[in-house]
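The values are calculated or read from the model by the stated rules, or taken from the named source; none is laboratory data. Nothing here was measured: the structure is a model prediction, and the numbers come from that model. Glycine gets a Cβ as well: all are built from the backbone with ideal geometry, and neighbour counts include every protein chain shown. Heads up: the accessible areas ignore ligands, DNA and RNA and are worked out on the full protein's heavy atoms, side chains in. Shrake-Rupley method; radii C 1.70, N 1.55, O 1.52, S 1.80 Å.
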Amino acid sequence: MSPLEAEALEFVRALIRIDSVNTGEASTIGDGETRAALFVQARLEEVGYETTLVEPVPGRASVIARLAGSDPDAGALVAHAHLDVVPVEVENWTHPPFGAEIHDGILYGRGAVDMKDFAGMLLATARAFRREGIVPRRDLVFAFFADEEAGGVWGARWLVRNRPELFAGATEAISEVGGFSIPLPGDRRAYLVATAEKGVTSATLTARGHAAHGSRPTADNAVVRLARAVVAIGEHRFPMVRTATLDRFLDVYARAGGDVHDLGFTASLIDAGMHHTVSPTVLDAGGKTNVIPSTASARLDIRMLPGNDETLRAEIEALVGPDVEVSWARAVPAIEAPVDAPIIGVLQDAITAEDPDGTVVPYLLPASTDNKHLAELGIRGYGFVPLRVPADFDVFGQFHAADEGVPVEALLFGARVTARILREA
């Protein structure tokens, strides 16, 4: 095991052992994210980096460092990971969620793939470059963010809006969610790269009627009206939209020998990137069984494909009908980076060096990452955390799951590929 690989594994395990759970509630902010940021800062400064640690609110710290490249005219690349993790239900775990234990070649722990794995790889790569005197082609901005799991309010978003100079000259970024392998025929692998992300918003449905005693049913029962609207939303399948990213996925995946009709456990991920999705998630009506309430409401989680926001709004309003009001939250727009940018070739070359038959395939991520916040500065984001895993290992299925884990060999592979990417990009 090389020093780069050894440090990557060491740092991933050390970061997992720091409980940096982010509940999304201000009242429960602990100091885990700051402790993780201080851990990263200390190891960067140990090899000579100048770092900037920013803590907008106690417990939510991010740390940034820059390494100068050989080409001053090349736009800087932001390589970033978030240090917070989602909560755990300990009773559902077989292994301690913050133990970073290794069993049968799998490293278990909250953050193993989301995303302390990449944080450890980036930290090890940053140190290796300084230690070995490696000068990358372009400036590298190493960013370790807080608060991603709660929307980046005190992490990437705060830094973009209050400390944009930290990203001066940056044109592209690399982070989650992608890079993991999915099977191709003949024991070959495709490595997904997220070149686009859905936009996200929410809406509240409100139905109104007359309040009445439960023993006397009314024709305008707000709960019934709301229920009809929720069912209409839940049963509706929005049509497929051909985006540039989807077209490139279909083309590259087919040329690599893949069958888009047999994607296995990847099918739900790819399918969600082909359609708008709307999920009813919160219901609120009444307080007593014997009272028909005058109002009932539901909240919807809405994920939009690039460039179709207004059409989607009209479609949702038509589905719920005129008797239900729709109020809209602020939308975070979708992002879409070029699918034919030179950085895609860099990713492919780095994969080929380690997996000669591997193919990098663009796809559209149906969720959100901190790349959305960096997009406010004109920085084009790509999701690529390289992991070569067995054909039956569903990396995306590990996100936010109990017994989250990653094969150790995949981490070592990722460290090697990440170093190649950052050196050559």
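One table, with the values for the structure above:
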item: Only listed residue being within 26 Å of the chain's Cα centre (by Cα), crowded, with 18+ Cβ neighbours inside 10 Å, in a strand (DSSP E or B) and at negative phi, chosen from 200, 252; result: 200
item: Qualifying residue in the range 168-191 (condition: without any contact (Cβ under 8 Å) to a residue 12 or more places away in the chain, more than 24 Å from residue 280 (Cβ to Cβ) and among the acidic types (Asp, Glu)); result: no
item: Single unsatisfied condition, residue 233 versus (1) open to solvent by 50 Å² or more (accessible area, probe 1.4 Å); (2) in a helix (DSSP H, G or I); result: (1)
item: Pick from the range 236-249, criterion in a loop (DSSP other than H, G, I, E, B) and touching a strand residue (DSSP E or B) at 6+ places or on another chain (Cβ under 8 Å), ranking: surrounded by the fewest Cβ atoms within 10 Å (Cβ to Cβ); result: 236
item: Those residues of the range 1-31 which are surrounded by 14 or more Cβ atoms within 10 Å (Cβ to Cβ), among the small types (Gly, Ala, Ser) and modelled with pLDDT of 95 or more, in sequence order; result: 8, 14, 20
item: Per-region count, the range 22-35, residues touching a residue at least 24 places away in the same chain (Cβ under 8 Å), within 19 Å of residue 143 (Cα to Cα) and not acidic (Asp, Glu); result: 3
item: Residue within the range 212-221 that is assigned to a strand (DSSP E or B) and in contact with a His (Cβ under 8 Å, 6 or more places away or on another chain) present; result: no
item: Within the range 293-381, strands (runs of 3 or more DSSP E) holding 2 or more residues that are open to solvent by less than 30 Å² (accessible area, probe 1.4 Å); result: 295-304, 359-365
item: Single condition residue 74 does not satisfy, out of (1) open to solvent by 10 Å² or more (accessible area, probe 1.4 Å); (2) at pLDDT 95 or above; result: (2)
item: Matching residues in the range 33-59 - criterion: being over 20 Å from the mean Cα position of the chain (by Cα), open to solvent by less than 10 Å² (accessible area, probe 1.4 Å) and closer than 14 Å to residue 155 by Cβ; result: 40, 59
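Residue-wise test of (1) outside any strand (DSSP E or B); (2) over 17 Å from the mean Cα position of the chain (by Cα); (3) within 26 Å of residue 412 (Cβ to Cβ).
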residue	(1), (2), (3)
135	yes, yes, yes
138	yes, yes, yes
143	no, no, yes
157	yes, no, no
161	yes, yes, no
165	yes, yes, no
173	no, no, yes
177	yes, no, yes
181	no, no, yes
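Listed here are the residues, each with its yes/no results for (1) under 19 Å from residue 404 (Cβ atoms); (2) surrounded by 22 or more Cβ atoms within 10 Å (Cβ to Cβ); (3) out of contact with any strand residue (DSSP E or B) (no Cβ under 9 Å at 6 or more places or on another chain).
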site	(1), (2), (3)
92	yes, no, yes
95	yes, no, no
101	yes, no, no
113	yes, yes, no
132	no, no, yes
152	no, yes, no
161	no, no, yes
